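Note sheet for the following structure.
The values are calculated or read from the model by the stated rules, or taken from the named source; none is laboratory data. Keep in mind that what you see is a predicted model, and the values were worked out from it rather than measured. Please note: Cβ atoms are built from the backbone with ideal geometry, for glycine as well, and neighbour counts cover all protein chains shown. The accessibility values were calculated without ligands, DNA or RNA, using every heavy atom of the protein model including side chains. Shrake-Rupley method; radii C 1.70, N 1.55, O 1.52, S 1.80 Å.
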Amino acid sequence: MLTNDLENFRPQSAATRTSLETVERIRLKSASTVRESDQAEFYKISTGGDKRALPNHLARSNLIALPSLGVKARVDGERLVSNQNVDLRYWGKRLSEKDGDLWMQLMHLGRRSTNRQKIKSHAATLLKALKETEGGKQYSWLYGALDALADAKFTIRIAASNGHVTDVTATGALHMIDCLEICRGNISFEIDPRWARLYANNQYVLIDWPTRLSFGAKQALAKSLLTYICTSKESEQRRSVEWLRARFRYSSPMDKFKRSLRNALSLLEKAGVARNLRFQKNSDGIEMAVWDRL
């Protein structure tokens with residue numbers, strides 16, 4: 001026979017209530033500890049003062065690459081060049097290598113922040129960290145680049161060899177930075193906690209910061225190549241020349257790109273990163289760029 005649940009209700013004893021409250025406190029504390037631990041895995045990367053970190057899947061893509069004929073054309077949902085198992089789609093202004101310098105510095109500042117904590121800096125401090133001089137032109141670029149990073153967002157789906165797909169952005173596109181505020185040179189922003197999943201399990205490259213900043217505006221290809229080379233520890237690295245041209249977002253003819261690639265690798269050889277660039281055709285007749293990592 002069905003009975004009303006209220007008829008079977010019995011008040012809990014004080015001891016039972018205390019026991020349940022203790023269990024609940026332990027559960028909440030445990031959940032909080034897990035969240036803080038997950039957060040720490042990303043934000044407490046020990047990169048040191050001379051390194052900056054970039055997630056592997058982004059480092060292999062053209063999310064950050066060469067300027068597009070001097071104009072940062074806006075794209076909406078464009079699929080970016082990356083590994084075949086990665087579906088990376090982007091909304092926002094195309095990000096240059098200089099924008100990438102700024103973003104990596106912002107992520108470096110926030111690497112130890114807690115969940116959704118405001119990260120604070122100052123325009124002059126950021127320009128100094130980027131080895132930029134202080135002037136009207138530089139401040140104008142900085143504020144514009146910060147706005148572009150706050151607006152920029154992407155989705156990423158990663159397919160494993162067993163067919164499992166990881167969708168870091170299943171709950172929505174991921175912004176490069178969040179909640180940007182600028183007031184009289186004071187800058188604050190937040191970092192979405194989901195970034196931790198892209199850096200997890202050491203899935204990031206460590207880029208030598210002084211080397212990267214030593215390359216000027218006309219040496220952006222060297223910056224891009226430095227980042228890409230760091231994604232692999234293989235002593236001999238090779239990639240399709242056509243793929244590299246798309247990865248670096250290089251719009252000039254192929255012959256000019258190959259000359260520029262030689263010049264970029266020459267700079268990296270002086271920096272002790274890589275050497276001995278050569279062009280070879282593989283068994284399918286596809287031209288490959290090959291170099292030795294130092």
Projected-area average for region 158-294 over all orientations - Cα convex hull basis, square nanometres: 12.0
Over region 89-159: Kirkwood hydrodynamic radius from C-alpha pairwise inverse distances, Å: 13.5
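Arrange the peptides 115-122, 232-239, 97-104 so that the one whose residues have, on average, the most other Cβ atoms within 10 Å appears first. Working shown, then result.
Numbers: 115-122: 14.2, 232-239: 12.5, 97-104: 22.6.
Those peptides, ordered most packed to least, come out 97-104, 115-122, 232-239.
Is region 50-145 best put as rounded, prolate or oblate by its Cα gyration tensor, with a ≥ b ≥ c the root eigenvalues, rounded for a/c under 1.5, and otherwise prolate when a/b is larger than b/c, oblate when not? Intermediate values should be presented prior to the final figure.
On the way: a/c = 2.03, a/b = 1.30, b/c = 1.56.
Oblate is the answer for region 50-145, as a/c is 1.5 or above yet b/c matches or exceeds a/b.
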Table column - 3J(HN,Hα) (Hz), region 211-219, Karplus curve with 6.51, -1.76, 1.60, x for Gly and Pro: 5, 4, 6, 6, 8, x, 4, 8, 10
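Considering Cα pairs under 8 angstrom that are at least six residues apart, work out the relative contact order of region 123-236 and quote it in whole percent.
Details: 96 pairs, mean separation 19.6, N = 114.
Averaging sequence separation for qualifying contacts and normalising by length gives 17 percent for region 123-236.
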Kirkwood hydrodynamic radius over Cα pairs of region 110-218, then Stokes diffusion coefficient at 20 °C and 1.002 mPa s, in µm²/s: 132
q = 0.11, 0.25, 0.27 Å⁻¹, region 221-294: log10 I(q)/I(0) [Debye, one scatterer per Cα]: -0.23, -1.28, -1.46
Probe 1.4 Å - accessible area at residue 260, Å² to nearest ten: 30
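Where does each of 143-151, 284-292, 221-229 land if you order them by average Cβ count within 10 Å, highest first? Could the numbers behind the result be given before it?
On the way: 143-151: 18.0, 284-292: 14.6, 221-229: 24.0.
For the peptides 143-151, 284-292, 221-229, the packing ranking is 221-229, 143-151, 284-292.
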Measure of compaction for region 186-261 (Cα Rg per 2.2 N^0.38 Å): 1.38
